[in-house]
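The values are calculated or read from the model by the stated rules, or taken from the named source; none is laboratory data. Please read these numbers as outputs of a predicted model, since none were measured by experiment. No Cβ is skipped: glycine too gets one built from the backbone with ideal geometry, and neighbour counts run over all protein chains shown.
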Amino acid sequence: MKLWGGRFESGPSEIFERFSGSLDFDRRLIDADIRGSQAFARALERVGILTAEEREQIVAAFDAIRAEAASPSFYEGATDEDVHTLVIRKLKERAGAVADKIHTGRSRNEQVSLDTRLWLREECDQARALLRDLMGALVDCAGAYPEAVVPGYTHMRRAQAVLWAHYLLAYFEMFARDWERFGDARRRANVMPLGSGALAGSGFPFDREAIAAELGFEGVTRNSMDVSGDRDFSLDFLYAASLAMVHLSRLAEDWILYSSEEFGWLELGDGVTSGSSLMPQKKNPDSLELIRGKSGRVMGCLTSLMVTMKGLPMTYNRDMQEDKIPMFEAADQLAGSLMMMREVVQTARLIPEKPASAAEESWVVATDLAEALARAGTPFHQAHRIVGQFVLESVRGGKRPADWTAEAMRKFAPEFTGGMAALLDPRKGMESRELPGGTGPVTVAAALAEARERLERMNL
Ligand code: ARG
């Protein structure tokens, strides 16, 4: 069936039909399409196009179609142009002539916008729920090792000691922003477009607010041309998904390193790693590598739709049908990656001695020493130089921080006074970082408790 054709002397070529059809993928919108069409039938009744009985007949037929659509045979042999056409054909088969009225004053351009918005709303909710689950796993992992110290890195070089919990809570913050971003994306998608017609507004005086209320939208769109040419809501979703994947990918990268033999901090669960067909000893972090790999795909989806949209003249152009595959693809890869990461986090075991000795063997305490000197009155630039020379001397002599005594330090530089030698233990210096946002143990314990409370409040 076609929703057009009167103006043509002959039908579409086979090649064009195959090339332009979208049913294979946009059938994923069928539930949204039916929900939207049921609301539209009620709107048609309100403007006097459908009688109450006709509307009832149509709404009931749509219910039956929805149930039928759950079985794969529903699509067998379907050659309809898209899901919207398929649904109307099915309506005709069930309800007969009255189905000819369902598309009165409606365009597929606004219909596809409506369906996508309905679908995206749920997808945003799902992404938020999965983000929240992952954040819960991160908080649990932080809580399991409240004392663990690790070297924090800049430039992939040991920089300053931090608590493992502080490190994990950094990712908690990134995912908390993602959670908010999906809320924003949902809010922007949650505006009702019907009544826009193809581009110029419908020729029927629909009560748009009533349709919006019925479908749970927060309001109605303001400009029919904007609706017809708009995919910002899909792009908002794709951006939120891409950035969440960036965060997942960075966590994956960290943990691939941290679980390597070179680091040896983390033991990944057997269930999320795989072996080698050749090398019997291997335990590879494939789950994390795939998360990192899939992040590229999701970013590709964002780029793909950006590029599709950028040169389009106002308003609707068929190019826009190409929005769906990247949108579905990004949603699936994101959901899969979030679930996978949660399981990796839940099953990983930290071996706290390893990062602790990495912190103790290196000079992550250098900044603590320089700051202690500055606190005792040495101008910071001088303090920086003294500690730099102290590190150089140690490196030359093969000395680790623990090899120094207070006396030897004072001999090296008289500025090293009082209890400064205690700062050779990385745990000690952390105690000076108790300002909000710092890695001081008291601050981190409070941040962890606060993170738990925030999780409780993260309802949709
Ligand atoms: N399948 C189309 C899409 O997803 C529906 C809109 C078709 N509109 C049109 N003017 N050809 O974009």
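Within the stretch 1-41, the set of residues being polar (S, T, N, Q) and either in contact (Cβ under 8 Å) with a residue 60 or more places away in the chain or in a helix (DSSP H, G or I) (or both) comprises Ser20, Ser22, Ser37, Gln38. Here Arg18 clears all of (1) among the basic types (Lys, Arg); (2) closer than 19 Å to Glu322 by Cα; (3) modelled with pLDDT of 95 or more except the condition numbered (3).
Applying the criterion of at least 3 residues that are at negative phi, within 16 Å of the ligand (Cβ to nearest atom) and surrounded by 16 or more Cβ atoms within 10 Å (Cβ to Cβ) to the helices (runs of 4 or more DSSP H) found wholly in the stretch 286-373 leaves 286-310, 324-347. Residues that are more than 29 Å from the chain's Cα centre (by Cα) and under 12 Å from Ser113 (Cβ atoms) within the stretch 208-224 comprise just one, Ser224.
For the stretch 51-110, name all the residues that are in contact with a helix residue (DSSP H, G or I) (Cβ under 6 Å, 6 or more places away or on another chain), farther than 16 Å from Lys2 by Cα and not in a helix (DSSP H, G or I). Passing the criteria: only Ala69. For the stretch 28-59, filtering for residues that are surrounded by fewer than 20 Cβ atoms within 10 Å (Cβ to Cβ) and either within 13 Å of the ligand (Cβ to nearest atom) or acidic (Asp, Glu) (or both) leaves 6.
For the stretch 139-173, which positions are assigned to a helix (DSSP H, G or I) and without any contact (Cβ under 8 Å) to a residue 40 or more places away in the chain?
Going residue by residue through the stretch 139-173, those that are assigned to a helix (DSSP H, G or I) are 139-144, 164-173.
Tyr167, Leu168, Ala170, Glu173, listed by residue number.
Filtered by the rule that a residue be assigned to a loop (DSSP other than H, G, I, E, B) and either hydroxyl-bearing (Ser, Thr, Tyr) or at pLDDT below 95 (or both), the stretch 248-269 gives Ser259, Ser260. Reported count of residues in the stretch 198-234, each being buried (at least 19 other Cβ atoms within 10 Å of the Cβ), of a type in the set (D, E, K, R) and part of a loop (DSSP other than H, G, I, E, B), is 2.
Table: residues versus (1) exposed (fewer than 14 other Cβ atoms within 10 Å of the Cβ); (2) of a type in the set (D, E, K, R); (3) in contact with an Asp or Glu (Cβ under 6 Å, 6 or more places away or on another chain); (4) touching a residue at least 60 places away in the same chain (Cβ under 8 Å).
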residue: His384; (1), (2), (3), (4): no, no, no, no
residue: Val391; (1), (2), (3), (4): no, no, no, no
residue: Met409; (1), (2), (3), (4): no, no, no, no
residue: Ala413; (1), (2), (3), (4): no, no, no, no
residue: Gly418; (1), (2), (3), (4): yes, no, no, no
residue: Ala422; (1), (2), (3), (4): no, no, no, no
residue: Asp425; (1), (2), (3), (4): no, yes, no, yes
residue: Ser432; (1), (2), (3), (4): no, no, no, yes
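Okay, residues lined up against (1) part of a loop (DSSP other than H, G, I, E, B); (2) farther than 22 Å from Pro355 by Cβ; (3) among the acidic types (Asp, Glu):
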| residue | (1), (2), (3) |
| --- | --- |
| Phe390 | no, yes, no |
| Met409 | no, yes, no |
| Phe416 | yes, yes, no |
| Met420 | no, yes, no |
| Leu423 | no, no, no |
| Arg433 | yes, no, no |
| Gly438 | yes, no, no |
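Kindly indicate the residue of the stretch 60-88 that is surrounded by fewer than 19 Cβ atoms within 10 Å (Cβ to Cβ) and closer than 24 Å to Phe206 by Cβ and also farthest from the ligand (Cβ to nearest atom) among those meeting that condition. Residue satisfying both the conditions and the ranking: Ala60.
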